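Written out below as structure tokens is the structure these notes cover.
The values are calculated or read from the model by the stated rules, or taken from the named source; none is laboratory data. None of these values were measured; they are calculated from a predicted model. Heads up, the Cβs are rebuilt from the backbone with ideal geometry, glycines too, and the neighbour counts pull from every protein chain shown. Areas reflect the complete protein model, heavy atoms only, side chains present, ligands, DNA and RNA absent. Shrake-Rupley method; radii C 1.70, N 1.55, O 1.52, S 1.80 Å.
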Amino acid sequence: MSELHWMAANAAAAAIASREVSPVELVKALLDRIERLDPRLNAFLHVDAEAALKEARATEAEAAKGRLRGALHGVPVGIKDIIDVTGLPTTCHSKIFENNVAARTDAECVARLRAAGAIILGKLSTHEFAIGGPSFDLPWPPARNPWNRDHHPGGSSSGSGSGLAAGFFPMALGTDTGGSVRNPASACAIVGTKPTYGLVSRRGVFPLAFTLDHVGPMTRTVADNALMLGVLAGHDPLDPGSVLLPQSCDYMKTLEHGVRGLRIGFVRHFHEVDMPADPEVVAGLDRVALTLQSEGADLIDVRLSALQDFAAVNRVILQSEAWSIHSEWLRNRPGDYGRLARRRLMSGAFIDAGDYVLASRQRSQMIGEVEAALREVDILLCASSMDPACRIDEPEEIVRTYMRQARTPFNVTGHPALAMPTGLSRDGLPLSVQFVGRYFDEANLFRVARTWERAACTDALHPPLVE
Amino acid sequence: MDERMVDAIARRAGLERALGEFPDDVAAAAISAAKATEGIRQSSGMEPLSEPWPPMVVIRK
């Protein structure tokens with residue numbers, strides 16, 4: 001079979017189960033592609049080729065006997081390097097952890113993927129401690145965007161986005177505290193979901209800000225995202241933020257149900273007033289809205305707080321909580337951080353307790369406001385990034401465009417949010433949209449996303465990589 | 001926030017080393033924090049009753 005590297009995870013799992021594709025053949029094809037292309041993209045910090053091939057042989061032998069571990073039997077996955085994988089050091093892309101010892105256990109999310117049969121290909125590039133990047137002053141270079149390697153791939157789950165778009169693996173794990181799953185999804189034309197807060201365990205994941213951190217699935221298709229989240233979701237008594245689930249997590253059942261009768265709230269003021277978006281981003285959002293309407297959804301305008309207000313709450317809480325984690329190292333080893341992470345993490349030292357409480361109060365109000373909106377509509381539609389990804393070597397432009405996004409509101413409120421492509425700009429860079437759902441209603445989120453994907457064939461978008 | 005205030009808060013937070021080695025980064029961190037907290041204060045208008053503490057939950061055994 002040609003082009004194994006573009007094979008979707010659910011297609012690969014089915015082909016492995018029916019023995020049309022061998023996990024060994026698949027892993028070898030991906031390792032070969034990684035070896036040829038990753039030196040120019042830096043998606044990986046560490047490729048665990050030997051262990052991946054060993055697992056591939058084991059899953060192949062099991063498949064031959066008709067024994068499948070789970071829904072992802074033999075399917076390769078990449079792991080953002082703030083997430084523990086047994087036997088590998090977690091570096092957080094930082095000199096602070098450059099010589100970290102190997103993790104003794106898998107993070108819960110990794111354990112769930114393994115139990116479902118997934119094969120870990122290696123550890124992926126991130127912004128330093130999921131906050132400082134893209135940076136050129138770290139022990140490893142930053143990941144680049146396969147659509148144009150002079151541009152950044154979004155972050156902080158930058159290796160996850162870059163590697164998916166490059167065809168290095170069909171699934172990756174990312175984390176999202178201020179938009180870090182959805183930003184690379186937007187920049188690289190892939191699908192990234194920040195699930196409802198508490199749906200996926202964070203145990204074994206290096207924290208950035210406890211009350212804003214989420215682990216999320218990143219894939220090239222909506223179906224793969226739904227499949228992967230179904231594997232990841234579930235209660236973990238050892239993660240204090242984890243919830244006992246009120247319902248089943250089989251998101252595949254309703255995936256193809258379409259949007260007829262769904263009420264979709266379009267939050268236009270985010271990209272029209274609060275942070276006026278690039279005209280090509282606006283055109284993409286309008287195309288999505290019109291398409292969903294033509295598929296039978298009711299479109300309603302929705303108004304929320306200004307993006308700047310959400311962003312301020314997110315930053316005060318994030319910086320305060322991150323300072324509580326990093327303060328000892330910032331006091332004793334400030335030179336071991338890259339410049340961006342050092343600046344961003346030290347900010348917490350200058351936020352007083354009263355401001356943190358004020359931000360928490362405002363957060364409660366914002367949760368109430370989004371909840372009220374989601375009583376009137378089933379799904380919110382809004383921008384993700386206001387601009388296509390800028391050049392990676394223009395720090396001022398990166399700072400300016402990183403702030404121009406509508407992702408942080410849903411870290412503040414904990415609602416599930418999915419980012420995916422709307423198409424490409426005239427310059428060939430990905431444009432994006434974001435859908436937001438009610439708490440634990442990821443099923444409807446995937447339904448809407450799948451309807452758009454089917455109409456626009458966004459899953460067929462692959463970068464023209466020169467090999 | 002003036003320079004002396006930044007210096008005092010940084011020292012209180014134990015950031016003497018960063019002040020010595022990366023004074024520009026300390027100043028940038030202070031500016032970033034000030035911008036974030038200014039956004040909170042301007043948009044808040046909070047009632048004192050709106051406490052963020054969640055209600056207690058009875059655990060059923």
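Residues A:Leu445, A:Leu53, ordered by accessible area of protein heavy atoms at a 1.4 angstrom probe radius and largest first, appear as A:Leu53, A:Leu445.
Considering the stretch A:357-435, its Cα convex hull presents a mean projected area of 6.6 nm². For the stretch B:7-20, the Karplus equation 6.51 cos²θ - 1.76 cosθ + 1.60, evaluated at θ = phi - 60°, returns couplings of 4, 5, 5, 4, 5, 4, 7, x, 9, 4, 5, 5, 4, x Hz by residue, with Gly and Pro reported as x. Less than 5 angstrom separates the built amide H of A:Val85 from those of A:Ala103, A:Ala107, all sequence-distant by 5 or more or on a different chain. When A:Glu369, A:Glu396 are compared by accessible area of protein heavy atoms, the largest-first order is A:Glu396, A:Glu369, using a 1.4 Å probe.
On the beta carbon distance between A:Ala115 and B:Asp24, with R0 = 60 Å, the FRET formula returns roughly 0.80. Across the stretch A:259-274, computed HN-Hα scalar couplings (Karplus, 6.51 cos²θ - 1.76 cosθ + 1.60, θ = phi - 60°) run 10, 4, x, 6, 9, 10, x, 8, 8, 6, 5, 3, 9, 9, 10, 4 Hz from first to last residue, x flagging Gly and Pro. Only helices enter this figure: runs of n ≥ 4 DSSP H residues, each worth -39500 (n - 2.57), summed and divided by the residues of the protein assembly as shown, yield -13000 deg cm²/dmol at 222 nm to the nearest 500.
In this view, the solvent-accessible surface of A:Arg400, computed with a 1.4 Å probe and all protein chains in place, comes to about 110 Å². Compared with the direct C-alpha span, the chain from A:Arg36 to A:Ser324 gains 99.6 nm at full extension, assuming 0.36 nm per residue. The order of the peptides A:234-240, A:269-275 by mean Cβ neighbours within 10 Å, most packed first, is A:269-275, A:234-240.
Tell me whether the stretch A:150-278 comes out rounded, prolate or oblate; compute the Cα gyration tensor, take square roots of the eigenvalues as a ≥ b ≥ c, and use a/c under 1.5 as the rounded threshold. Judged from the Cα gyration tensor, the stretch A:150-278 comes out rounded (a/c under 1.5). Heavy-atom accessible area for A:Met252, with the other protein chains in place and a 1.4 Å probe, reaches approximately 70 Å². Model label points for A:Arg333 and A:Arg69, set 7 angstrom from Cα along the Cα-to-Cβ axis, are 3.2 nm apart. Converting phi to 3J(HN,Hα) with the Karplus coefficients 6.51, -1.76 and 1.60 and the offset θ = phi - 60°, the stretch A:322-330 yields 5, 4, 5, 8, 9, 4, 4, 5, 5 Hz in sequence order, with x at every glycine or proline. Size check on the stretch A:1-67: the Cα extents along the three principal axes, sorted descending, read 39, 23, 16 Å. For the pair A:Arg454 and A:Ser248, the difference between a 0.36 nm per residue extended length and the Cα-Cα distance amounts to 71.7 nm. Considering only C-alpha atoms, what is the centroid distance from the stretch A:262-339 to the stretch B:1-46, in Å? So the two Cα centres are separated by 24 Å. For peptide B:1-12, the mean count of partner chain Cβ atoms within 10 Å of a residue's Cβ comes to 1. Distance from the alpha carbon centroid of the stretch A:429-467 to that of the stretch A:166-199 works out to 11 angstrom. Can you give the log10 of the normalised intensity I(q)/I(0) at q = 0.08 Å⁻¹, computed with Debye over equal Cα scatterers of chain A? So the normalised log intensities work out to -0.40. Close Lys pairs in the protein assembly as shown (alpha-carbon distance under 19 Å; sequence gap of 8 or more, or different chains): 8.
Histogrammed with a bin width of 5 Å, the alpha carbon distances of the stretch A:254-378 distribute as 2, 9, 14, 13, 13, 12, 11, 9, 8, 5, 2, 0 percent, first bin at zero.
The spread of Cα positions in the stretch A:73-128, taken along each principal axis and listed from longest to shortest, comes to 35, 21, 14 Å. Can you give me the Cα centroid spacing of the stretch A:67-136 and the stretch A:1-57 in angstrom? The two parts, judged by their Cα centres, are 16 Å apart. With every protein chain in place and a 1.4 angstrom probe, the accessible-area ranking of A:Arg112, A:Arg263, B:Arg4, largest first, reads B:Arg4, A:Arg263, A:Arg112. Measuring with a 1.4 angstrom probe and ignoring ligands and nucleic acids, A:Lys65 comes out at about 140 Å² accessible.
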